[in-house]
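To start, the structure under review is shown below, and the notes come after it.
The values are calculated or read from the model by the stated rules, or taken from the named source; none is laboratory data. Note that the structure is a prediction, hence the values are computed from the model and not measured. Don't worry about glycine lacking a Cβ; one is built from the backbone with ideal geometry, like all the others, and counts go over all protein chains shown.
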Amino acid sequence: MTTVLKKIDMAVGKGGKPLEEFAEASGVSAEDFKKAWESDPVKALEMFIQGLSESGKEGENLTSILGDLGIKGIRESDTILRLAGNAGLLGEAVGLSSEAWRKIQHYPMRQNKDMQQWHLKWEP
């Protein structure tokens with residue numbers, strides 16, 4: 001997956017045809033894809049996976065699309081094809097992990113506060 005992310009990043013960085021190809025696969029303009037990648041790479045990845053999923057539903061050959069994007073390795077293509085087959089789950093998983101991250105952020109502060117109160121209570 002890291003290799004795919006690097007390829008997307010290189011395409012966005014170079015612009016031109018490579019960017020246009022990833023944008024087309026995502027179902028958006030090159031400008032929109034670039035903005036999404038630069039501001040929220042996870043969202044851009046979701047767009048890419050969703051675009052591939054839609055292409056697959058329309059009967060397009062996803063292996064060929066991935067090959068055109070330079071995603072030819074068996075591990076790379078297999079991972080992306082599996083994600084495209086379950087595009088909705090990617091967004092759901094990202095949402096759950098983001099929510100969990102937000103929830104746990106207060107624990108260290110809460111623990112520190114509790115320890116301070118305990119210390120004051122038991123200090124001679």
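Summary table below
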| quantity | calculated |
| --- | --- |
| Count of the stretch 95-110 residues which are modelled with pLDDT of 70 or more and more than 14 Å from V42 (Cβ to Cβ) | 5 |
| Residue within the stretch 62-76 that is of a type in the set (S, T, N, Q), without any contact (Cβ under 8 Å) to a residue 40 or more places away in the chain and under 18 Å from V94 (Cα atoms) present | no |
| Odd one out for L19, checked against (1) of a type outside the set (D, E); (2) in contact with a Phe, Trp or Tyr (Cβ under 8 Å, 6 or more places away or on another chain); (3) touching a residue at least 24 places away in the same chain (Cβ under 8 Å) | (3) |
| Scan of the stretch 31-42 for residues that are closer than 27 Å to L89 by Cβ and either modelled with pLDDT of 95 or more or not acidic (D, E) (or both), ordered by number | D32, F33, K34, K35, A36, W37, E38, S39, P41, V42 |
